[in-house]
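Here, each number is a calculation from the coordinates, and none is a lab measurement. What you are looking at is a predicted structure, and each value in this text was computed from that prediction instead of being measured. Don't worry about glycine lacking a Cβ; one is built from the backbone with ideal geometry, like all the others, and counts go over all protein chains shown.
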Amino acid sequence: MAEESGAELSTAHEPSAPSARFRRILVVPFDHLNRDAGVLRDADPEIDLIVMVESQRMLAGRPWHTERLFFMVSSARHFAESLRAEGFTVDYRQAANTPDGLAAIWQEHGRLPTLSAEPSSFEQHRQFRQLGIELVENDLFLTSRAFFAHWAGGQKAFVMENFYRGQRLRLGILVENGKPVTGRWNFDAENRLPPPKNHVWPPRLEHERDDLDLEVARQLNHAPNALWATTRAGALKVLDHFVQHNLVQFGPYEDAVTDEDWSLHHSLLSPYLNVGLLHPRELVDAAVAAFNRGAAPIESVEAFVRQVIGWREYINGMYWFLGEDYANRNGLAANRKLLPVFSDSNKTKMACVGGVVADVEKRAWVHHIPRLMILSNLALVTGTNPREFLDWMRENFVDASQWVMVPNVIGMGVHADGGQLMTKPYAAGGAYVNRMTNFCKGCGYDPKLRVGENACPFTTLYWDFLDRHRDAFAKNHRMGQQIMGLNRLSDLPELRERAVEVLEGLELGQI
Ligand SMILES: Cc1cc2nc3c(=O)[nH]c(=O)nc-3n(C[C@H](O)[C@H](O)[C@H](O)COP(=O)(O)OP(=O)(O)OC[C@H]3O[C@@H](n4cnc5c(N)ncnc54)[C@H](O)[C@@H]3O)c2cc1C
Ligand code: SF4
């Protein structure tokens, strides 16, 4: 978890007597918990002091979901323990902020050469540079920042599919003689089934809590549960469980949402990848091995591999390529304040939105379709301020980091970047939600109606959104069909009136 910026930075720490034993200080941020990567790859217990700073600014700087804080802090403390068990000296320091924690370390041990892996946010990168920390490559990804910048610099449009095919070839994954195994690069078209009827969802793994977990939970006033593993051993079990129980059907139901099961066949692996407990290569190897031994079909294995070597690497690359100011883009001039439903799932009558926000309240996680087509869609069509929505997403998801939230929310979710990442907005009305989820059955609104008291708010606001941005979208050839549809609406005046009512109702928490 990158520390929030704003701390006074100072590198002028007068060293006391230099440490007789250590020759280097290796700083391990809470999202680099990997023994085989970054500065730890060639670490030596004889000469290296490992430093981890649990900063108060990081813990209390924002209204984080306690599930997320619990996962981050307990994983970091377990990781420190595992290094100690290996013979390392680990100074796990609690401090007001990272610079203060490091100042205290330098005071005790002298200003030894201090190294860390490239931090995963602009803020922390700047902070570490100012503190004079030497940075080594962040190899928790399969694509270096320099490689991605080279790729992106040569593109007219940043098409993920082109990047992904290049990754398959470059990394030699599911390819034979320069061609995709089984003849096709992509099985996305097969992977859009709605939720199945009478499906038996596999059981999920539960993680027993140890004393360290319980101590962290107590300190955070968090009710301990069995949801997220906080050790590498636990994360490996989740990977194994996914390959055994979910990989086969991962592809077909990737986009489905049902209130019968909260994770469907998704892997639940993002938190472990994002803090370093697992490396993306391990996920890919496990999925490809299942394919090679005939235990999983190409439609699912390719879909999973695409998420990991395609989307994840692309999003990280784009975060660094697009620059720090990208997080503040607001291309659609969306300035509505965050709706009350984001702080209380009861503040809506929309079954889909209420259900998804309630899931986030419970577990700090929902899969990519609720994130995109329910939460972001709501922010998009209501014209909610992108920065306020981004902050909410970042504070409330167990797997959130700046590098992954910023492009996903600003570019993919709310189209605030003028179409730099995605050529058209992911706006949808109730018909999409009705097809891909089973929420509408239990909702007082009708997904087919766009006007009247029972009209589905998503359906009304979808058309109203197109209407409000008609001029901008008319220039986008990929929006041509939607604009034609808008032009055919005979009830646009009534729809505009209903949209005003819906927006007011949402602001009052009554719709
Ligand atoms: C608006 C929005 C916000 C998102 N915020 C985050 C976030 O904060 N952290 C995060 O890790 N993912 C984020 N994602 C991507 C995706 O929703 C999650 O990675 C996924 O739901 C995590 O669950 P899983 O591990 O079961 O994923 P699976 O469906 O099992 O997919 C496997 C892996 O693919 C990777 N992946 C897939 N899509 C993406 C993507 N668009 N960006 C990055 N990685 C991807 C993840 O590492 C994931 O673990 C976001 C997507 C959207 C649309
Ligand atoms: S009818 Fe509309 S608001 Fe209700 S669940 Fe369906 S999409 Fe959501």
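Structure data summary
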{"read-out": "Sequence ranges 100-113, 65-78, 259-272, ranked by mean other-Cβ count within 10 angstrom, highest first", "value": "65-78, 259-272, 100-113"}
{"read-out": "Whole-angstrom gap from segment 451-466 to segment 158-188, using each part's C-alpha centre", "value": "40"}
{"read-out": "Hz values of 3J(HN,Hα) by residue in segment 295-310 - Karplus curve (6.51, -1.76, 1.60), Gly and Pro given as x", "value": "8, 8, x, 4, 4, 7, 5, 4, 4, 5, 4, 4, 5, 7, 8, x"}
{"read-out": "Three semi-axes of the equivalent ellipsoid, the chain, Cα gyration tensor, whole Å, largest first", "value": "40, 26, 23"}
{"read-out": "Two-site FRET efficiency, residue 501 against residue 193, from Cβ-Cβ distance with R₀ of 35 Å, rounded to 0.05", "value": "0.50"}
{"read-out": "Within the chain: Cβ-based charge dipole about Cα centre, in debye rounded to nearest 20 (Lys, Arg +1; Asp, Glu -1)", "value": "1360"}
{"read-out": "Within the chain, percent of DSSP bridges classed antiparallel, to nearest 5", "value": "15"}
{"read-out": "Protection proxy ranking, peptides 174-181, 278-285, average beta carbon neighbours within 10 Å, highest first", "value": "278-285, 174-181"}
{"read-out": "Greater than 27 Å apart at Cα, pairs in 237/347; 197/448; 237/349; 237/441; 179/475", "value": "237/347; 237/349; 237/441; 179/475"}
{"read-out": "Dipole magnitude of segment 353-490 about its Cα centre (Cβ charges: Lys, Arg +1; Asp, Glu -1), debye to nearest 20", "value": "460"}
{"read-out": "5 angstrom amide H check on residue 136, placed H, neighbours 5+ away", "value": "116, 117, 118"}
{"read-out": "Rounded FRET efficiency, nearest 0.05, which uses the C-beta distance separating residue 179 from residue 295 and R0 of 25 Å", "value": "0.60"}
{"read-out": "Listed residues 407, 377, 396: farthest to the positive end of the dipole of segment 328-507 (Cβ charges)", "value": "407"}
{"read-out": "Long-range HN-HN contacts of residue 31 with modeled amide H, under 5 Å", "value": "none"}
{"read-out": "Other-chain or far-sequence residues with amide H under 5 Å of residue 89's (modelled H)", "value": "50"}
{"read-out": "Gain in span if fully extended, residue 241 to residue 424, counting 0.36 nm per residue against the direct Cα distance", "value": "62.2 nm"}
{"read-out": "Fully extended contour minus Cα-Cα distance, from residue 474 to residue 147, at 0.36 nm per residue", "value": "114.2 nm"}
{"read-out": "Approximate spin-label separation residue 89-residue 330, in nm, with each point projected 7 Å along Cα-to-Cβ", "value": "5.1"}
{"read-out": "From phi via Karplus (6.51, -1.76, 1.60), per-residue ³J(HN,Hα) for segment 455-464 in Hz, x at Gly/Pro", "value": "4, 5, x, 5, 5, 4, 6, 4, 5, 5"}
{"read-out": "Whether segment 160-283 is rounded, prolate or oblate, judged on the alpha carbon gyration tensor where a/c under 1.5 counts as rounded", "value": "oblate"}
{"read-out": "Label-reachable residues, segment 242-265, where backbone N falls under 18 Å from a point 7 Å from residue 362's Cα toward its Cβ", "value": "256-265"}
{"read-out": "Enclosed volume per residue, in Å³, of the convex hull spanned by Cα atoms of segment 328-507", "value": "107"}
{"read-out": "Rg over Rh [alpha-carbon atoms, Kirkwood Rh] for segment 234-359", "value": "1.05"}
{"read-out": "Euclidean distance of C-alpha centroids, segment 246-268 and segment 62-83, integer Å", "value": "27"}
{"read-out": "Cα-based Rg of segment 319-431 normalised by 2.2 N^0.38 Å, two decimals", "value": "0.99"}
{"read-out": "For segment 255-266, 3J(HN,Hα) per residue [Karplus equation, 6.51 cos²θ - 1.76 cosθ + 1.60, θ = phi - 60°, Hz, x = Gly/Pro]", "value": "9, 7, 9, 8, 7, 7, 7, 7, 10, 6, 9, 6"}
{"read-out": "Shape box of segment 24-136 [Cα atoms, principal axes, largest first, Å]", "value": "39, 31, 24"}
